[in-house]
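The values are calculated or read from the model by the stated rules, or taken from the named source; none is laboratory data. Being a predicted model, the structure only gives us computed values, none of them experimental. For neighbour counting, all protein chains shown are included, and Cβ atoms are generated from backbone atoms with ideal geometry for every residue, glycine included.
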Amino acid sequence: MYLKIILISSCLVQLTAAALSFRLIRVTGRSGAWFFLAAGMSVMAIRRLLSLVDLFYNNVAASSYMPRPLPETAALLSSLLILIGIMLVAPVFHNVRTVERRKAKEVFQRLDNIVELIDDAVFGVDIAGRITHWNMGAEYIYGYSRAEIISSAMSGLFRPDEAGLAHEILNEVSQGSHIRNFETVHIRKDGRHVNVSLSVTPIAAVTSGTIEGASFIVRDITQRVHMVDSLKRSLNEKTLLLQEVHHRVKNNMQIISSLVYLQQGQISGDGLTEMFTAMQNRIKSMALIHEKLYQTNDLSKIDFGDYVHSLTENIRASYAKDDYPLIFDIDISDISLNIETAIPCGLIINELVSNSLKYAIDSDGKDAAVSISLKLTEDGSYVMLVRDNGAGMPADFDMNNTKTLGLKLVNTLVGHQLGGSLELRRGAGTEFKIKFSELVYNQRI
């Protein structure tokens, strides 16, 4: 009888220890140590059950197979110690797991509060487009309460002419695509339009991974859109104003040029006539800059190639003669300069080309040619070449000590205004090489 009680007690203790060990496997994240302990206690419990079966049903007599009281008592005591140890350790792991769960719950609660109280609208939809979640930000932006909007179709938030857009968004999301910062217009409960920026994220099922809905984050950008529109209108007004200023400056300079031309008709002498012609061309070169700026939408830069073509045509009209043709070869492509740089460059070209036509090119020659090129170098500076095919400068000519007003003006413009360098090359004709960097543009707007 004693042996039966020992076997039954030992079996129950071992089964309890095995059960607690299997429980701790879940608490400790499937720890291998608890698994082996649980498996061992289960095997021992099964062995005790088999011994009990032999005692109760087979009536085994005293033999070498008969369990002994003393070893079984020792096994019971060891099982009790193991059970007591497990019971002492189990609450520790249980408390750890409880704390972890409480912390996880607090984290989820904080995240839920953030989502609920954020100013942006956050709502969820199922794969059919029915609204399943609606935070307070959505109530503020759209005017619908949670009770009013839940289970409603998301397409009701879109304008009637963009109803198909909601289906397109859902189709993209159902394929796993993310939509970020998509700007559109939604309709509030009171019928007012609101400019919004959408970010849509697909929601997948945890087990299967299939897309079962989407999360919308909607930001009200109405104020920003109105501000941008206001800035655009203001910018357009300032642009029109500056264009009008350039137009008036150009007209005033044309009036000055006309006055010079009328005054020229009242004087005699070739020297004075040439002086007034040069003055007229200088005024026209500056007026042409303002005319180009009036005709463009970008008031910070002008197309310098187009400007030089127009400038040389004005010079041709002033100096071309019937007894020989005048050819201009202009190599300037895709270069735009700001007004601070373009005006001195235009004046330099005007002076050098006028000087070539007046002095360097033989009036009895044929195919008189002037070439102008402007290139951007690797270091960010510009190289401008003005070349003619005339007789060339005298060998004793000193560019730095010239008495000609036009070349003095070129020296001043290159050295002082552009901060560049000027090099004179002699040969078959004359070539001026000017290297400079674009001046800093003083922003007007």
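What do you reckon, is Asp161 in a helix (DSSP H, G or I) and exposed (fewer than 12 other Cβ atoms within 10 Å of the Cβ)? Steps first, answer last, please.
Numbers: in a helix (DSSP H, G or I): yes; exposed (fewer than 12 other Cβ atoms within 10 Å of the Cβ): yes.
Yes, satisfied.
Criterion applied to Glu183, Glu172, Glu139 was being among the acidic types (Asp, Glu) and out of contact with any Ser or Thr (no Cβ under 9 Å at 6 or more places or on another chain), and the one residue passing it is Glu172. Every test in (1) surrounded by 13 or more Cβ atoms within 10 Å (Cβ to Cβ); (2) closer than 16 Å to Val122 by Cβ is passed by Arg180 save one, and that test is (1). Listed by first and then second residue, the pairs with beta-carbon distance under 8 Å, at least 6 apart or on different chains, first residue in segment 105-131 and surrounded by 11 or more Cβ atoms within 10 Å (Cβ to Cβ), second outside any helix (DSSP H, G or I) and of a type in the set (Lys, Arg), are Asp120/Arg219; Ala121/Arg219.
In the set Ser177, Ser145, only one residue is under 16 Å from Val200 (Cβ atoms) and among the hydroxyl-bearing types (Ser, Thr, Tyr); that residue is Ser177.
Quick one: count up the residues across segment 426-438 that are closer than 21 Å to Pro344 by Cβ, surrounded by fewer than 19 Cβ atoms within 10 Å (Cβ to Cβ) and at pLDDT below 90. Let's see the steps before the verdict.
Let us first name the residues in segment 426-438 that are closer than 21 Å to Pro344 by Cβ, namely 430-438.
Those left that are additionally surrounded by fewer than 19 Cβ atoms within 10 Å (Cβ to Cβ): 431, 433, 435, 437.
Keeping just the survivors that are at pLDDT below 90 gives 431.
The number of residues fulfilling the criteria is 1.
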